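In what follows, a single structure is set out as structure tokens and then discussed.
The values are calculated or read from the model by the stated rules, or taken from the named source; none is laboratory data. Since this is a predicted model, take the numbers as computed values, not measurements. Because the Cβ atoms are built from the backbone with ideal geometry, glycine has one as well, and the counts that use them run over all protein chains shown. Each accessible area value is taken on the protein alone, full model and side chains, heavy atoms only, with ligands, DNA and RNA left out. Shrake-Rupley method; radii C 1.70, N 1.55, O 1.52, S 1.80 Å.
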Amino acid sequence: MEGKVVSDHDNMNKDTTEKEYKVTIKRAYKVWQGKNIFFFGGRLVFGPDIKSLILTILLIVTPVILFCVCVSQRLIYEFPNGLGIAFVVIPAVFTAYIVLLLFLTSGRDPGIIPRNSRPPDPEDEGDGAGMSMSTYMSMSMSVDWAANTSGASTIPPTKDVCVNGKVVKVKYCHTCMLYRPPRCSHCSICNNCVERFDHHCPWVGQCIGKRNYRFFFMFVSSTTLLCLYVLVFCCINIRKIMLDEHCNIWKAFAESSASAFLIVYTFIAVWFVGGLTAFHMYLISTNQTTYENFRYRYDGKTNPHNRGFVGNVAEIFFSKIPASRNNFRAKVKDLSFSGLSTSLSRGRTTPKTSIDIETGGKRQAVDADELDDIQSQIGSIASLDRCGTEPRHTNLGQNGGDWEITRDIHALAAEFGSHQGLKDT
């Protein structure tokens, strides 16, 4: 009879869990925690400010169309034997090449480092054996429950690593729950940690990192050349008008207003993209990123990443681009649930109505018996830890479900603390 009661109770717990937890299979990009925007089933990865990409394309294509339609007519007439036609075809083809570089820069993974599902264990950082549930609870109970740090405050904010024989510090990212590799930084716009982070470019709507920096530099430098090309041939066109019409430059501008507009437009653009090209040429030659240049200023100290001019240039342009660490089209399990059904006490489950933190539901009162039960369970776990005894099946490093139990304990302890405070007042 007793065995039957236990069996019925287990079946009740099983039914409750099945009702509250729902597992669905989705593509990874559909449950991606960053702010990226995906197209073609996760094959193209853009930043959240993708609309700026359309503006950038218009700023490049529009003046080229104006040049080919309005300015090139006189050039075709002035330069016969097909040479004038070549002057029109070259900027058109070069513009298509620049747009391709723009999409190679903006539509790919810049070097996103996959975030962890939970903070690293001490064993991952070389601090000995895995962290048990009791050890984790004793560490977590000392932090403010309202902050909901889930033990993150116990992780050192930095650690030392060796880069080319030099010691550098790497920081812990609380959002991605990992120690960032050297030269990695967290982009607040995309909400991702990006390897060899250079900057987030609003003109391409994407982070610039290890996997797209080469294409970014080629895009900027090619745009500079295109601006110079249009600027020079517009000046040649104005010069031809002055010679043919025997007029001054102002009348020539009035005769070809398109040339006048493009001269002003490309002159301003050259200062922008040309200056950007020169700056990144300096960064490439010294093996720096924009972020490092503004933050660390390696001019006054040794750059641990500098391999010499030849080595630095070869690293950017001739090294193999690493494969993406993320498979955005992979099928993953998406766990959705409306309540917490894990049990802190053997033989009973926490009622669904006691707390609902995942769906943002309204919390309901916990009765006095449940509060006493929760208090006794937390006290027993703490006492086990002080005695050096660990409960069974509580190794976080072995079972991912234990992490869910920790979250339940945190939530229930927070619930208990809030009710206990009301009782004291």
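Taken together, 258, 252 contain a single residue that is in contact (Cβ under 8 Å) with a residue 24 or more places away in the chain and open to solvent by less than 80 Å² (accessible area, probe 1.4 Å), which is 258. Does residue 75 fit the bill of being under 18 Å from the mean Cα position of the chain (by Cα), among the hydrophobic types (A, V, I, L, M, F, W, C) and surrounded by 15 or more Cβ atoms within 10 Å (Cβ to Cβ)? So residue 75 fails the test.
Just one of the listed residues (245, 292) is open to solvent by 80 Å² or more (accessible area, probe 1.4 Å) and among the acidic types (Asp, Glu), namely 245.
Taking the stretch 156-187 as the range and being part of a loop (DSSP other than H, G, I, E, B) and surrounded by fewer than 18 Cβ atoms within 10 Å (Cβ to Cβ) as the test, the residues that pass are 156, 157, 164, 165, 174, 175, 177, 181, 182.
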